[in-house]
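The values are calculated or read from the model by the stated rules, or taken from the named source; none is laboratory data. Computed from a prediction, not measured in an experiment: that's the story for all the values here. Cβ sites come from the backbone with ideal geometry, for glycine too, and all protein chains shown count toward neighbours.
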Amino acid sequence: MQTAPAQTRPSRPPMKGYLREYGWAYLFILAPVLLFLIFTLYPVASAFLMSFQQYSIMGSEWIGADNYTRMVHDDVFWKSMRNTVIFTLGTVPVNIVITYALSFFIFQMKNKWQTFFKATMYLPAVASGVTISVVWLAIYDPTNAGLLNRFIGLFGLDPVIWLGKSSTALFSLILMNWLGSHGAGIILYLAAMGGIPKSLYEAADIDHASGWSKFWRITWPLMKPTTLYLLVTGVITSFQVFISVYLMTQGGPNFATTTIAYLIYSTAFNFYEFGLAAAQSFVLAALIIVISIIQFKYFSSDVEY
Amino acid sequence: MARVEFRNIRKEFVDDNKGTFTAVAGSDFVINDKEFVVFVGPSGCGKTTSLRMIAGLERQTSGDIIIGDRVVNNLHPKDRDIAMVFQDYALYPHMTIRENLSFGLKNLKKPKAYIEQKVSQAASILGLESMIDRKPRELSGGQRQRVAVGRAIVRDPQVFLFDEPLSNLDAKLRVQMRVELSELHKRLEATIVYVTHDQVEAMTLGERIVVMNNGIIQQIASPTELYAKPQNMFVAGFIGSPPMNFIDVQKEGNLLHTEGGIFTIPDSMAGALSHYDNRHLILGIRPEHITGEDMPATTNLDYKYVAKIQVVEHLGSENLVYFRVGNRTVTAKVHPETTGYPGMDKTFIFNFDKVHFFDPETEQRIDW
Amino acid sequence: MKSKSKVIMLIVASVILIVWSVLTIIPMYWMLIGSVQDTKSAASFIPKMIPDVLSVAPYERFFGKTNVMRWLFNSLLVSSILTVTNVFLASLAGYAFAKLKFPGNKAVFWILLSTMMIPAQVTLIPLYILMIDVFDLGNTYTAILLPGIVSVGNIFLMKQYMSSLPTSLIHAARIDACGEFGIFWKVILPMAKPGLAVLAIFTFVASWNDFFWPFLVTNSTEMRTIQVGLASFVYADTTDFGALMAGATVAALPMMILFFSLQRYFLQGITIGAVKG
């Protein structure tokens, strides 16, 4: 047996060894991390400071919690909160029911038809928020040229000023959301439905389970992850609804459609109250984060990832 | 001169949930030049981690690895002069077989003519010429396996590393590939380190076998020695199929008492067992060293044990007979014509020339 | 008995699906059909669901009144650049997070991921000030592009996708003397093509349709994207129904064509990285 090689372990400066081992990995994530620092972390910190300032390009002034005090004493702020909550409650759960029902029906179809309906239901999703808003602006046209007014005219009803009346404006925004694209949700539901083993239903058939109980005992529980996913993303999106408000109602009439996101925009870019807008945005962020955390708790306790 | 040496190699992983996990706890061994060494053990025993450390895919927590005459601790895999064959073959799916084989040499900036010569040579050794321009997905499992081996061959490495290369093949193909690998080793005259969880593969391929469990090397020995002289109860139980039987015995004077039987200690063993007077011992006996009384045996017929048969399995060439000694189930691999049926009281003969003794506390072998 | 109820179920399902499909498609149909009908006086004009005469006059007016060709060019440019940067950087980072070991891997990933919860409204104002006042990039392509170079959502998708690729190929490539970037470029990317295609398509569509950020940082008509341009047209001229529909069609049609030609990627791509349960 030969003797051990007469060589000692080459000593490397620790920093160099570190770079040699992990340098590439850090290089690969460098761009996102830099972008995160400049375009997320810095703005968040800056917005936080700003929310305690009377902002001005010439030099800001510390005003403590004044922005927050002003905000909670502002009726429009509370109205926008109310509108945002109504909009969210009016769209997200309804959309989930619609999406689920459509998925359930599509699931009964043959493959070819499944693809057809999936594509049809998905189509509006490729049109931009601006396009959709422009089209619905025309559908809601207050004269009898508006498509919706023509439709209700078939039943002898008078034209309605859909977007111009406080009583119908917010509902109009909700209605247009119901008729939007359910494609993404349908695809997720169908994927989940396709993943349910047939043996579960066969076992249920042997136990003489009714269609209804098969739905409640088998299908629905297995759809829970998808439903929760749609719920979380749906709530986050609808809390930030902006384009349709901006293009169709400008928050009116009489703030009936002012959502929190629109209020922030208008505080910042119509009135140049950057500090107040920052304070409002942190309330929105807090709401979204709290809701997300509640949902995440559901995810981790109930759902196997 | 491609020996591979581990000097006090430790490997720890930090797992988010379980904290620090020791995959390899202080390994020391030398693999000689041109030797075929097989690492065997149950999953999670540290054998694959050891192989990956040789390759440079994992970095040891402490200790030195030496390949040839170089300490390779800080060398990249490409600089270690090794090649590896993976369990799932790891062929690049978007490249043809030719591209798969030449990828490494291209990266090493070898001359074109050299690459072509190496690739066609490897292809002809492995019979891959006809499919050289196909993609891996167009090949069968056995063919992919050959390509994976070919990719290692073209590199002309000092050391070949095999990570469970046959585990994805069906039983028949596995036997065939085993033979091919054996021949390849003779032909290539290279050092081979081979990892498997299959003890049959280990016994048939390895010139020496490293048995590992829980990150610790249990024994390094030739197949014959592993079988004849397992160092501890783990090796004894791991090598051999069906595994070795363990029977609890109590030594009193020159007698071994077990539930339902007494054996006289042969003179040849008396010395080795002298420290164990009035103590508990584990007696190990392989199933093939227990025979039925009705069959002619060349062994000492004094070592009899009468037991009620529980189950008999007929395998054609032999029968496996199960009975109980104390609270342990004992398997006997007997001649197919041995009489026996469940419930029958049967007299078995233990071949005492082939028994093993283990210390119940340390589980180590007591040599006699 | 069983089959009879099944047939009824199928009929009910078909009817509901057809009705809902019509409801989903009607706004799009209304847009298209509205963009090819015209009369002289816009006020008294009532577009028909099934027109007797087709006309390109609305398009002529929309193209005449606006800088639409420039807007389309801007959108194409911005979307293309963002698609390239997102696909490259998100797959690179996703690969690193999924397959490479380095101190801080999980921590950095989770910090990035958690920023997805922060609504855009929070960062918007400082970002606006940063771009316009600090960097003085108002009304430039750079300003439109910078914040969108790579999105965390895309990194997350790519990490999910890359995790499903076999690690042994990376090991094999390392032994085959391939450098770390070479592994990504020559081994990982070719294998990840389906995922990259999906990412590219979704990024392109999202960038094309993005409104708010380009709207904030542009103020000249030359720098507007098609979405911002269309919105400005709505604000400026709300009475010309035909021209509005023509504009909406121009903004939407490229994406619809993309959708119909790459339907498969759209319909399967959604499930990448989403809920597995």
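Computed quantities for the displayed model
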{"read-out": "Close pairs (6 angstrom Cβ cut-off, 6 or more residues apart or separate chains): assigned to a loop (DSSP other than H, G, I, E, B) in the stretch B:349-364, exposed (fewer than 14 other Cβ atoms within 10 Å of the Cβ) anywhere", "value": "B:360/B:280"}
{"read-out": "Selection within the stretch C:107-119 - facing another protein chain (nearest Cβ under 7 Å) and outside any loop (DSSP other than H, G, I, E, B)", "value": "C:108, C:112, C:115, C:117"}
{"read-out": "Failed item, numbered, when residue A:272 is tested on (1) within 12 Å of another protein chain (Cβ to nearest Cβ); (2) touching a helix residue (DSSP H, G or I) at 6+ places or on another chain (Cβ under 9 Å); (3) surrounded by fewer than 16 Cβ atoms within 10 Å (Cβ to Cβ)", "value": "(2)"}
{"read-out": "Per-region count, the stretch A:106-127, residues in contact (Cβ under 8 Å) with a residue 12 or more places away in the chain and closer than 16 Å to residue C:30 by Cβ", "value": "2"}
{"read-out": "Search result, residues across the stretch C:43-80 that are touching a helix residue (DSSP H, G or I) at 6+ places or on another chain (Cβ under 6 Å), surrounded by fewer than 18 Cβ atoms within 10 Å (Cβ to Cβ) and of a type in the set (A, V, I, L, M)", "value": "C:72"}
{"read-out": "Leading residue by the ranking (modelled with the lowest pLDDT) among those in the stretch C:261-274 that are within 7 Å of chain A (Cβ to nearest Cβ) and crowded, with 19+ Cβ neighbours inside 10 Å", "value": "C:274"}
{"read-out": "Residue A:286 vs. criteria in a helix (DSSP H, G or I), of a type outside the set (Asp, Glu) and crowded, with 20+ Cβ neighbours inside 10 Å", "value": "no"}
{"read-out": "The stretch C:184-206, residues that are aliphatic (A, V, I, L, M), within 9 Å of another protein chain (Cβ to nearest Cβ) and within 15 Å of residue B:100 (Cα to Cα)", "value": "C:187, C:191"}
{"read-out": "Filter result for residue A:107 (touching a helix residue (DSSP H, G or I) at 6+ places or on another chain (Cβ under 6 Å), buried (at least 20 other Cβ atoms within 10 Å of the Cβ) and not β-branched (Val, Ile, Thr))", "value": "no"}
{"read-out": "Qualifying residues in the stretch B:44-72 (those that are polar (S, T, N, Q) and in a loop (DSSP other than H, G, I, E, B)) - the one nearest to the other protein chains (Cβ to nearest Cβ)", "value": "B:60"}
{"read-out": "Inter-residue pairs, beta-carbon under 7 Å, first loosely packed, with under 15 Cβ neighbours inside 10 Å and in the stretch C:115-143, second at pLDDT below 90 and β-branched (Val, Ile, Thr), 6+ apart", "value": "C:133/A:57"}
{"read-out": "Options A:139, A:174: the member that is at negative phi, facing chain C (nearest Cβ under 7 Å) and β-branched (Val, Ile, Thr)", "value": "A:139"}
{"read-out": "Test for residue C:177: is it facing chain B (nearest Cβ under 8 Å), in a helix (DSSP H, G or I) and either within 27 Å of residue B:163 (Cβ to Cβ) or not small (Gly, Ala, Ser) (or both)", "value": "no"}
{"read-out": "Residue within the stretch A:201-217 that is within 8 Å of chain C (Cβ to nearest Cβ) and either β-branched (Val, Ile, Thr) or on the phi < 0 side of the Ramachandran plot (or both) present", "value": "no"}
{"read-out": "Matching entry among B:56, B:46, B:19 (being crowded, with 22+ Cβ neighbours inside 10 Å and either over 21 Å from residue C:171 (Cα atoms) or without any contact (Cβ under 8 Å) to a residue 40 or more places away in the chain (or both))", "value": "B:56"}
{"read-out": "Residue C:104 vs. criteria at positive phi and either within 9 Å of chain A (Cβ to nearest Cβ) or of a type in the set (Lys, Arg) (or both)", "value": "yes"}
{"read-out": "Of residues in the stretch C:120-145 being assigned to a helix (DSSP H, G or I) and out of contact with any helix residue (DSSP H, G or I) (no Cβ under 8 Å at 6 or more places or on another chain), the one nearest to the other protein chains (Cβ to nearest Cβ)", "value": "C:133"}
{"read-out": "Lone qualifier among A:77, A:52, A:87 - being over 24 Å from residue A:245 (Cβ atoms), touching a residue at least 40 places away in the same chain (Cβ under 8 Å) and more than 13 Å from chain C (Cβ to nearest Cβ)", "value": "A:52"}
{"read-out": "Members of the stretch B:9-27 that are touching a strand residue (DSSP E or B) at 6+ places or on another chain (Cβ under 6 Å) and more than 12 Å from every other protein chain (Cβ to nearest Cβ)", "value": "B:9, B:10, B:11, B:12, B:20, B:21, B:22, B:23, B:24, B:25, B:26, B:27"}
{"read-out": "Residue within the stretch A:135-153 that is in a helix (DSSP H, G or I) and touching a residue at least 60 places away in the same chain (Cβ under 8 Å) present", "value": "yes"}
{"read-out": "Complete set of residues in the stretch B:78-90 that are facing chain C (nearest Cβ under 8 Å), touching a residue at least 40 places away in the same chain (Cβ under 8 Å) and over 22 Å from the mean Cα position of the chain (by Cα)", "value": "B:90"}
{"read-out": "Complete set of residues in the stretch C:10-39 that are surrounded by 13 or more Cβ atoms within 10 Å (Cβ to Cβ), within 16 Å of residue A:100 (Cα to Cα) and either over 31 Å from the mean Cα position of the chain (by Cα) or of a type in the set (Gly, Ala, Ser) (or both)", "value": "C:13, C:14, C:21"}
